[in-house]
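The values are calculated or read from the model by the stated rules, or taken from the named source; none is laboratory data. These figures come from a predicted structure and were not determined experimentally. Here the Cβ positions follow ideal geometry from the backbone for every residue, glycine too, while neighbour counts run over all protein chains shown. Please note that ligands, DNA and RNA were not included when accessible areas were found on the heavy atoms of the full protein model with its side chains. Shrake-Rupley method; radii C 1.70, N 1.55, O 1.52, S 1.80 Å.
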Amino acid sequence: MSLYQPPQPQNHQLVSAVLRQIHSTHYADESSPHWDAEREYSAEQVALAARALTRAVDAMPENEQPIGWRKDGES
């Protein structure tokens, strides 16, 4: 059994997007005229980065994917 290593570019993008969303949600300067747009944009970036990471992990050989990644019966 090998240790799972996530695809680095996609993992980095997801972590960056999540940190951006945390910042826009909890530390935003609400006096900025664009704070609400930043909050919405950062949420969209999290979804896109999560999709990219999911696709990258799906493309990995099965023995390199996280344990339990594929449900029984899936190829």
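Here is a list of conditions, (1) open to solvent by 90 Å² or more (accessible area, probe 1.4 Å); (2) of a type outside the set (Ser, Thr, Tyr); (3) within 28 Å of Asn63 (Cβ to Cβ); (4) not in a helix (DSSP H, G or I), and Asp29 meets all of them except one; can you say which number that is?
In the conditions (1) open to solvent by 90 Å² or more (accessible area, probe 1.4 Å); (2) of a type outside the set (Ser, Thr, Tyr); (3) within 28 Å of Asn63 (Cβ to Cβ); (4) not in a helix (DSSP H, G or I), Asp29 misses (3) alone.
I'd like to check something: does the stretch 39-50 contain any residue that is in contact (Cβ under 8 Å) with a residue 12 or more places away in the chain, in a helix (DSSP H, G or I) and of a type in the set (Asp, Glu)?
no
Could you figure out which of (1) of a type in the set (A, V, I, L, M, F, W, C); (2) closer than 12 Å to Gln10 by Cα; (3) not in a helix (DSSP H, G or I) isn't true of Trp69?
So Trp69 meets the others, but not (2).
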